[in-house]
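The values are calculated or read from the model by the stated rules, or taken from the named source; none is laboratory data. Note that the structure is predicted; figures quoted are calculated from it, not measured. In this analysis, Cβ positions are derived from the backbone assuming ideal geometry, glycine residues included, and neighbour counts consider all displayed protein chains.
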Amino acid sequence: MTSASDLLALAVDIACEAGELAHRRRSEGVAIAATKSALADIVTEADREVELLIRHRLQEERPDDGFLGEESGAERGTSEITWVVDPIDGTVNYAYGIPNYAVSIAAVTGDPHPATWTAVAGVVFAPALGELFTAARGGGAHLGHQVLAVSQPHGGAGALVATGFGYDPETHAGDLARLARVMPLARDIRRMGAASVDLSYVAAGRLDAYFERGLHPWDHAAGGLLVEEAGGRFGGPDGAAPSATMTIAASPDLFAAIERALAGDVPASAE
Ligand code: LIP
């Protein structure tokens, strides 16, 4: 099989080209193409154009690989690699002109489902911020040439925790109730609107933790590898895979504390 570092090199090359296209289209003005699961769940023409670029580049370079993309769906390959792609993660930020959005590309082996795949290479490229986060399994996580590591406890001040809310207003009460259960652990929260960037920030120690209900596989495939390669724990509660039910990322101890809080075990205090 192709090495993780070679897969990462291809993912970086494609993500940079895709990110530059997304950034250029943003500067030209963004058109909403459609809504999906809810009125707030939008897709722009740029989302579709950027995913097509990524899909075509991958088809040219690795025609036997599988593909799973947010906008154009899934196609099984004959190799052991599937590419999991969110062309513009943080689409609402992108539409509003908020720079916190990213191209997220991951290469996974195994059956292409978060419960069964192994991510081997991942890139999160935030073109408006000029930041390229990368990870190859066993090779560590990097921001450019900087080696990344998840944060360690801050001695009682509490954790800086990011989360998100679904597009469906019916889900907001439950999301807020879960946030209320985690707040005793937190010094503050951040809601920045792009899961792949939130996960990259956990890997970089810019956030102590991130959790969110309702994520799709393409939201977390690359960012989850970054967290693991930076020494963090990534997944769902009780040893489950990350899923729409819940996705958590943090240092191992803080992950366990958040897991307990989400389960309703009232946290003793902020760590
Ligand atoms: C987004 C995620 C974000 C979540 C949003 C949405 P999209 O992905 O990155 O964390 O809160 O609801 O799912 O739709 O911009 O690719």
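Listed values, structure above:
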quantity: Residues of segment 202-226 satisfying the condition of being over 16 Å from residue 8 (Cα atoms), away from the ligand (no atom under 12 Å from the Cβ) and part of a helix (DSSP H, G or I); calculated: 202, 203, 204
quantity: Lone unmet requirement of (1) away from the ligand (no atom under 16 Å from the Cβ); (2) in a helix (DSSP H, G or I); (3) out of contact with any Leu (no Cβ under 6 Å at 6 or more places or on another chain) for residue 231; calculated: (2)
quantity: Residue count for segment 127-152, restricted to those that are within 14 Å of the chain's Cα centre (by Cα) and surrounded by fewer than 24 Cβ atoms within 10 Å (Cβ to Cβ); calculated: 1
quantity: Number of positions in segment 54-78 that are within 14 Å of residue 105 (Cβ to Cβ), assigned to a helix (DSSP H, G or I) and charged (D, E, K, R); calculated: 3
quantity: Segment 7-41, residues that are surrounded by 14 or more Cβ atoms within 10 Å (Cβ to Cβ), under 16 Å from residue 95 (Cα atoms) and of a type in the set (Val, Ile, Thr); calculated: 30
quantity: Selection from segment 98-113 of residues that are surrounded by fewer than 24 Cβ atoms within 10 Å (Cβ to Cβ) and away from the ligand (no atom under 14 Å from the Cβ); calculated: 109, 110, 111, 112, 113
quantity: Test: residue 107 is within 15 Å of the chain's Cα centre (by Cα), within 19 Å of residue 196 (Cβ to Cβ) and not in a loop (DSSP other than H, G, I, E, B); calculated: yes
quantity: Residue check, residue 126 under 15 Å from residue 197 (Cβ atoms), in contact with a Leu (Cβ under 6 Å, 6 or more places away or on another chain) and within 16 Å of the ligand (Cβ to nearest atom); calculated: no
quantity: Matching residues in segment 130-176 - criterion: being among the aliphatic types (A, V, I, L, M) and in contact with a Leu (Cβ under 6 Å, 6 or more places away or on another chain); calculated: 135, 136, 141, 159, 160, 162
quantity: Members of segment 79-97 that are within 13 Å of the ligand (Cβ to nearest atom), within 22 Å of residue 121 (Cα to Cα) and either modelled with pLDDT under 95 or not in a strand (DSSP E or B) (or both); calculated: 90
quantity: Pairs where the first residue, in segment 83-106, is on the phi > 0 side of the Ramachandran plot and the second is near the ligand (Cβ under 9 Å from one of its atoms), C-beta under 6 Å, 6+ apart; calculated: 90/101; 90/193; 90/194
quantity: Pick from segment 151-170, criterion assigned to a loop (DSSP other than H, G, I, E, B) and closer than 14 Å to residue 257 by Cβ, ranking: farthest from the ligand (Cβ to nearest atom); calculated: 156
